[in-house]
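The values are calculated or read from the model by the stated rules, or taken from the named source; none is laboratory data. Everything numeric here is computed off the predicted structure, so don't read it as measured data. We work out accessible area using only protein heavy atoms, side chains counted, and drop any ligands, DNA or RNA first. Shrake-Rupley method; radii C 1.70, N 1.55, O 1.52, S 1.80 Å.
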Amino acid sequence: MTLLNEAQDTVATSLTPAAFAAAEAHSAHNYHPLEVVISHAEGAWVTDVDGRRCLDMLAGYSALNFGHGHPALLSAAREQLDKVTLTSRAFVHDQFAEFTARLAAMCGKDMVLPMNTGAEAVETAIKVARKWGYDVKGVPADQAEIIVMAGNFHGRTTTIVGFSDDADARDGFGPFAPGFVMVPYADLAAIEAAITPNTVAVLVEPIQGESGVVIPADDFLIGLRELCTRENVLFAADEIQAGLGRTGYTFACDHAGVKPDMYILGKALGGGIVPVSAVVADRDVLGVIGPGQHGSTFGGNPLACAVGTAVVDLLETGEFQARAEALGQILSDRLLAMVGNGIVGFRSRGLWAGVDIDPAIGTGREICERLLARGVLAKDTHGSTIRLAPPLVITEDDLNWALDQLEAAVKA
């Protein structure tokens, strides 16, 4: 299939520059998007305002694990739109019980606290961990500490960027909340040394996404589980990008065969249709939250719950985990063949890869621009790295085609 389908013969007739400029004119420039304006999407493909089709190799940072417009998810949303979309949590709606029960069961936990965005879920986990520390562990008031990892990315609220070491996210937004202790990522000895009687949780991404798909050894997560159990500290796993099928398992923690005390979920939980996030834990953890202590008007709304339940339906088939594992092997094999030929290294698990571009070839941004010109959408991070995370519905032929374009782009 030819993707660069020449909908416009010359740049002069393209609608993209004007549409892009209009989008930038009245919006805060908190993103640096590639110059593409998307108008339609289906599966792993998007179409821009000029009719040019591009293969989506980012999938909304894993929010679109099931592709654009998955029929089952659209059907669930459309059916619910005709019924009720919002009640607030002041009342109970008829979609809430099934969503929370099904999601809890999938996680092997007792309870769900639904929110909207991933950052909200992380903030929720922080509050829950602190409350658990005071009510259950007996930490003195206002002394709770949470251990976090260097290179982390958990969102961009003022609390979260306060324990980030990313200057772009952090600088200019202080003062920051205390109570966070940073250690090197996946350094079990450093985590153990940082634990004090006031430590209530270790907050960790099983795979660090924003840092370039940084993957720890499986024995790190095993050791962390053992350490947290021994020291009576909560293991809070941010699976917002890594979870829900992306890596070939339902959760990235599954690769090591461990269960955290708290799953922090988002992105793909809303199927790319509506923001849905959640903290999932057992009753002895989430049960510390009482009425009035945390909430969200839109958290757990009927539309979100209907879509979220449909997402659980898809994951329970195992199809998407299997696709991520099988196609992920192709992704890894193809990238390995490119090492020394435009890329200097990569890290991948399932259909997720961080690819380090040879600086002599170009920056990550420049390679993403070359890929856009060839009909592929990807995103750079930290200068020389690009991230590849296609929808799990991508076909083998399309994946290989995208990797052909990457191979050509790094040789350009």
- Task: On a 0 to 90° scale, report how tilted helix 16-25 is relative to the longest principal axis of the chain, with both axes built from alpha carbons and the result rounded to the nearest 10.
- Result: 30 degrees
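Keeping every protein chain present and rolling a 1.4 Å probe, give me the accessible area per residue for the chain in Å². Display every interim value, and only then the final one.
Details: 17180 Å² over 412 residues.
On a per-residue basis, 42 Å².
Under a 1.4 angstrom probe, counting protein chains only, how are Lys379, Lys83, Lys109 ranked by accessible area, largest first? List each step's numbers first, then the result.
Details: Lys379 50, Lys83 125, Lys109 30 Å².
Largest accessible area first, the residues go Lys83, Lys379, Lys109.
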- Name the shape class, rounded, prolate or oblate, that the alpha-carbon gyration tensor gives for the range 196-336, where a ≥ b ≥ c are the square roots of its eigenvalues, rounded holds for a/c under 1.5, and otherwise prolate holds if a/b is larger than b/c and oblate otherwise. oblate
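Please tell me the relative contact order of the chain in percent, rounded to the nearest whole number, where contacts are Cα pairs under 8 Å and at least six residues apart.
22 percent
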- Item | Shape of the chain, Cα gyration tensor, a/c cut at 1.5 | prolate
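Run lengths n ≥ 4 of DSSP H only: what is the helix-derived mean residue ellipticity at 222 nm for the chain, with -39500 (n - 2.57) per run over all residues, to the nearest 500? Intermediate results must be reported in sequence, preceding the final value.
Working: 14 runs with 144 residues, N = 412.
So the helix-based figure for the chain works out to -10500 deg cm²/dmol.
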- Within the range 71-317, what percent of beta bridges assigned by DSSP are antiparallel, to the nearest 5? 40 percent
- From the backbone phi of the range 34-39, what are the Karplus-calculated ³J(HN,Hα) couplings (6.51 cos²θ - 1.76 cosθ + 1.60, θ = phi - 60°) in whole Hz, Gly and Pro given as x? 5, 7, 9, 10, 8, 10
- Task: Apply the Karplus parameterisation 6.51 cos²θ - 1.76 cosθ + 1.60, with θ equal to phi minus 60°, to every residue of the range 136-147 and state each ³J(HN,Hα) to the nearest whole Hz, in sequence, with x for glycine and proline.
- Result: 9, 7, x, 5, x, 3, 6, 10, 5, 10, 10, 8
- Message: Can you tell me the convex hull volume per residue for the range 71-317, based on C-alpha atoms, in Å³ to the nearest whole number?
- Response: 124 Å³
- Note on the structure: With Cα coordinates, the longest principal axis of the chain makes an angle with the long axis of helix 218-231, in degrees rounded to 10, of 20 degrees
- Message: Per residue of the range 82-91, what does 6.51 cos²θ - 1.76 cosθ + 1.60 with θ = phi - 60° give for ³J(HN,Hα)? Whole Hz please, x for Gly and Pro, Karplus curve as stated.
- Response: 7, 10, 7, 10, 8, 10, 6, 7, 5, 10
- Rounded if a/c is under 1.5, else prolate if a/b is larger than b/c, else oblate: which is the range 148-215, with a ≥ b ≥ c the root eigenvalues of its Cα gyration tensor? oblate
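Out of the total accessible area of the range 249-370 (probe 1.4 Å, heavy atoms of protein only), what percent is carbon and sulfur? Don't jump to the answer; show the numbers that get you there.
Numbers: 2240 of 4390 Å².
Roughly 51 percent, rounded to a whole number.
Average the reciprocal distances over every distinct pair of alpha-carbons in the range 265-378, invert the result, and give the Kirkwood radius in Å. Kindly include the intermediate steps, with their values, before the conclusion.
Values: mean 1/r = 0.0563 Å⁻¹.
For the range 265-378, inverting the mean 1/r across all distinct Cα pairs yields 17.8 Å.
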- Query: Against the longest principal axis of the chain, how steep is helix 71-81, in degrees 0 to 90 to the nearest 10, with axes from Cα atoms?
  - Reply: 60 degrees
